[in-house]
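Engineer: Quick one: the structure is below, and I'll ask about it shortly.
The values are calculated or read from the model by the stated rules, or taken from the named source; none is laboratory data. Just so we're clear, the structure is a prediction, and the values are computed from it rather than from any experiment. Glycine also receives a Cβ, built like all others from the backbone with ideal geometry; neighbour counts cover every protein chain displayed.
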Amino acid sequence: MKNIDLSHRSNLTQLMDSADTDFETFRSCLVDLSKVNYLTLAYRPTLRFFEHLARSGRLPADRTVTVVDVGSGFGDMVRKIDRWAVRRGFKLDLTGVDQNPLSARAAEEVTAPGRPIRFVTANIFAYQPPSQVDIVISSLMTHQMEDASLIRFISWMEANAGTGWFVNDLRRSPLPYHLFNLTSRVLRFHEFVRHDGPVSIACAFEVADWRRLLDSAGIAPAAAKISRAFPYRLCVSRLKT
């Protein structure tokens, strides 16, 4: 993969989501990925989105706000949001949806009992939320989708999120691609993570990709904001009026 063409989105596949991956291997990969997320400040853009909602009055304090995290994986993002809500005095009902059944099992193992968090195994297009959804988020998941599925997912978020939605994902670039190749070996991450990290970056986005995808999903240019976040993140936020 050293000579991969990063001028466009790749369609390479990841190893850890293979049907042959056993639970212990999958959980080990999720643990390593949570370390990557911590080191690369992956949670910060999504938490900033919630902080913006709070400061702008779009996150009501007098009722429970329903949040769905699509592609929730290890559940580390919903746990971060839950802790943020406790500190800020908001009541959130958090659901993590992931189509891999091993994700829910791994996430539940490390989630404190009694928290307003649940994990559901489902294909998002077949998922029926139990009630009105206020906010839909997705973190480091959309790069796994081909364009047609991603356009459909944008439409799904638009149809289901009453307040708005937020996508936090990677920006495709040679520097993080080669840097991850190096550092993942130095830090001795699982071999699947060493493979899948660069693949994720190769499948990720540039600003023009998101503009094209949003246009194909019928989202007007002024209705969604595409923003860069350090390091090498591209985020898309949509707040409804």
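Engineer: Hey, can you tell me all the residues within the stretch 34-59 that are in a helix (DSSP H, G or I), in contact (Cβ under 8 Å) with a residue 24 or more places away in the chain and aliphatic (A, V, I, L, M)?
Structural biologist: Hits for the stretch 34-59 are VAL36, LEU47, LEU53, ALA54.
For every residue, the table says whether it meets (1) within 28 Å of SER56 (Cβ to Cβ); (2) among the aromatic types (Phe, Trp, Tyr); (3) without any contact (Cβ under 8 Å) to a residue 40 or more places away in the chain.
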{"residue": "ASP134", "(1), (2), (3)": "yes, no, no"}
{"residue": "SER149", "(1), (2), (3)": "no, no, yes"}
{"residue": "THR163", "(1), (2), (3)": "yes, no, no"}
{"residue": "ARG172", "(1), (2), (3)": "no, no, no"}
{"residue": "TYR177", "(1), (2), (3)": "no, yes, no"}
{"residue": "VAL207", "(1), (2), (3)": "yes, no, yes"}
{"residue": "LEU214", "(1), (2), (3)": "yes, no, no"}
{"residue": "SER237", "(1), (2), (3)": "yes, no, no"}
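Engineer: Here is a list: SER216, SER184. Which entry is farther than 19 Å from LEU53 by Cβ, at pLDDT 95 or above and of a type in the set (Ser, Thr, Tyr)? Give the derivation first.
Structural biologist: Details: SER184 fails: at pLDDT 95 or above.
On inspection, the qualifying residue turns out to be SER216.
Engineer: Further question: When you scan the stretch 97-110, do you find a residue that is among the hydroxyl-bearing types (Ser, Thr, Tyr), under 15 Å from PHE166 (Cβ atoms) and either modelled with pLDDT of 95 or more or under 16 Å from the mean Cα position of the chain (by Cα) (or both), even just one?
Structural biologist: No: zero hits.
Engineer: Does at least one position in the stretch 35-46 carry a residue that is more than 21 Å from ARG171 (Cβ to Cβ) and not charged (D, E, K, R)?
Structural biologist: Within the stretch 35-46, not a single residue is more than 21 Å from ARG171 (Cβ to Cβ) and not charged (D, E, K, R).
Engineer: Can you run down the residue pairs with Cβ atoms below 7 Å, 6 or more apart or on separate chains, where the first is in the stretch 91-105 and under 12 Å from ASN123 (Cβ atoms) and the partner is surrounded by fewer than 16 Cβ atoms within 10 Å (Cβ to Cβ) and not β-branched (Val, Ile, Thr)?
Structural biologist: Correct list of pairs: VAL97/ALA122; GLN99/ALA122; GLN99/ASN123.
Engineer: Also, quick follow-up: Take the residues of the stretch 60-76 that are surrounded by fewer than 21 Cβ atoms within 10 Å (Cβ to Cβ) and touching a residue at least 12 places away in the same chain (Cβ under 8 Å): which is farthest from GLY96 (Cα to Cα)? Full working, then the answer.
Structural biologist: To start, the set of residues in the stretch 60-76 that are surrounded by fewer than 21 Cβ atoms within 10 Å (Cβ to Cβ) comprises 60-64.
Of the ones still in play, those that are also touching a residue at least 12 places away in the same chain (Cβ under 8 Å) are 61, 63-64.
On the way: ALA61: 22, ARG63: 20, THR64: 16 Å.
Applying the filter and picking the extreme gives ALA61.
Engineer: Within the stretch 142-193, work out how many residues are in a strand (DSSP E or B) and surrounded by fewer than 18 Cβ atoms within 10 Å (Cβ to Cβ).
Structural biologist: Here is the first cut: in the stretch 142-193, the ones in a strand (DSSP E or B) are 161-171.
Checking which are surrounded by fewer than 18 Cβ atoms within 10 Å (Cβ to Cβ) leaves us with 162.
So the answer is 1.
Engineer: Among the residues of the stretch 5-33, what is the count of those that are in contact (Cβ under 8 Å) with a residue 40 or more places away in the chain and over 22 Å from ASN123 (Cβ atoms)?
Structural biologist: Filtering the stretch 5-33 down to residues in contact (Cβ under 8 Å) with a residue 40 or more places away in the chain leaves 6, 9-17, 21, 23, 25-33.
Add one more test, that the residue is over 22 Å from ASN123 (Cβ atoms), and what stays is 6, 10, 25, 28, 31-32.
Final tally of qualifying residues: 6.
Engineer: Which one of ARG79, ARG115, ARG87 is over 18 Å from ILE219 (Cβ atoms), more than 18 Å from the chain's Cα centre (by Cα), assigned to a helix (DSSP H, G or I) and at pLDDT 95 or above? Give the steps one after another, and end with the answer.
Structural biologist: Details: ARG79 fails: more than 18 Å from the chain's Cα centre (by Cα); ARG115 fails: assigned to a helix (DSSP H, G or I).
ARG87 is the lone residue from the list that is over 18 Å from ILE219 (Cβ atoms), more than 18 Å from the chain's Cα centre (by Cα), assigned to a helix (DSSP H, G or I) and at pLDDT 95 or above.
Engineer: State the number of residues belonging to the stretch 197-225 that are in a helix (DSSP H, G or I) and farther than 14 Å from ILE4 by Cα. First the steps, then the outcome.
Structural biologist: Just the residues of the stretch 197-225 that are in a helix (DSSP H, G or I), to begin with: 197-202, 207-216.
Filter once more, so that each one left must be farther than 14 Å from ILE4 by Cα: 207-216.
The number of residues fulfilling the criteria is 10.
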